[in-house]
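Accompanying notes for the structure given below.
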Amino acid sequence: MISKIVANILALIARFLSGASVRWLDCQPDACQRVYFANHTSHLDAVVIWASLPHEIRELTRPIAAEDYWMRGPTRRYLARHVFNTLLINRKKVKVHQSPVDMMIREMGDKYSVIIFPEGGRTEGGEVSEFKSGLYYLSKKRPDLELVPVYIHNMNRILPRGEVFPVPLLTSVSFGPPMWLEQDESKADFLERTRKALVRLKEVS
């Protein structure tokens, strides 16, 4: 109960600090299992996307994040485990028999959606970098999942790299039309098609 209260308060704070304007473009909120894939410029990105979802969908959506960042200190650990229900990835101990994709699939089950950042790391200037292969392999193993592109505009200015406290500014979160891995689509074609979906959202943000 306390964690849910904290979650609701943090969602309001995240929306207030970012001034986020949420737009659903040819897409509607839905409780079906989805992979929300987004551009990555700030440590607040996952929180802002999570906060932009309706309450009932937010409870079924887990951000994917780096364990080394969120396990640093008791406050981050509490938020990751009990508020955001974060699926933490240890980037230093990736193994063939315990890949991040297999962990995601196991933790998602038939219930949860996830928020991921296919670029692999934060980028500067709002450009969308080439995607790593994780999104492709996740889609290949779970082709039923809806892939929803999400472009976050201006977050790199709200919490610039190296800063601790956010600077309130107006930003926008745009959810685009769902996508799926097409039959016999190559990894390169799929990753470029999904990356371009984010670029199109950037152009209308």
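The values are calculated or read from the model by the stated rules, or taken from the named source; none is laboratory data. None of the values given here were measured: they were computed from a predicted structure. Virtual Cβ from ideal backbone geometry, glycine too; neighbours counted across all protein chains shown. Keep in mind that these areas ignore ligands, DNA and RNA; they rest on the heavy atoms of the full protein, side chains included. Shrake-Rupley method; radii C 1.70, N 1.55, O 1.52, S 1.80 Å.
The set of residues in region 35-86 that are open to solvent by 50 Å² or more (accessible area, probe 1.4 Å), over 27 Å from Gly176 (Cβ atoms) and free of Cβ contacts under 8 Å to residues at least 40 places away in the same chain comprises Glu67, Asp68, Arg72, Pro74, Thr75, Arg76, Arg77, Tyr78, Arg81.
Matching residues to (1) open to solvent by 80 Å² or more (accessible area, probe 1.4 Å); (2) assigned to a loop (DSSP other than H, G, I, E, B); (3) modelled with pLDDT of 95 or more; (4) in contact with a strand residue (DSSP E or B) (Cβ under 8 Å, 6 or more places away or on another chain):
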position	(1), (2), (3), (4)
Met103	no, no, no, yes
Arg106	yes, no, no, no
Gly126	no, yes, no, yes
Ile152	no, no, no, yes
Pro166	no, yes, no, no
Leu170	yes, yes, no, yes
Val173	no, no, no, yes
Leu201	no, no, no, yes
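When every residue of region 133-142 is checked against the conditions, at least one turns out to be open to solvent by less than 50 Å² (accessible area, probe 1.4 Å) and either at pLDDT below 90 or not in a helix (DSSP H, G or I) (or both). Only one of the numbered conditions (1) assigned to a loop (DSSP other than H, G, I, E, B); (2) closer than 27 Å to Lys202 by Cβ; (3) at pLDDT below 85 is not met by Cys32, and that is (3).
Residues in region 108-124 that are among the acidic types (Asp, Glu) and open to solvent by 50 Å² or more (accessible area, probe 1.4 Å) were compared, and the one that is modelled with the lowest pLDDT is Glu124. Whether any residue in region 59-80 is touching a strand residue (DSSP E or B) at 6+ places or on another chain (Cβ under 7 Å), aliphatic (A, V, I, L, M) and at pLDDT 90 or above is what I want to check. Scanning region 59-80 turns up at least one residue that is touching a strand residue (DSSP E or B) at 6+ places or on another chain (Cβ under 7 Å), aliphatic (A, V, I, L, M) and at pLDDT 90 or above. The residues of region 106-120 that are of a type in the set (D, E, K, R) and closer than 14 Å to Tyr151 by Cβ amount to a single one, Glu119.
For region 98-138, taking the residues that are within 15 Å of the chain's Cα centre (by Cα) and polar (S, T, N, Q), the one that is farthest from Asn85 (Cα to Cα) is identified as Thr123.
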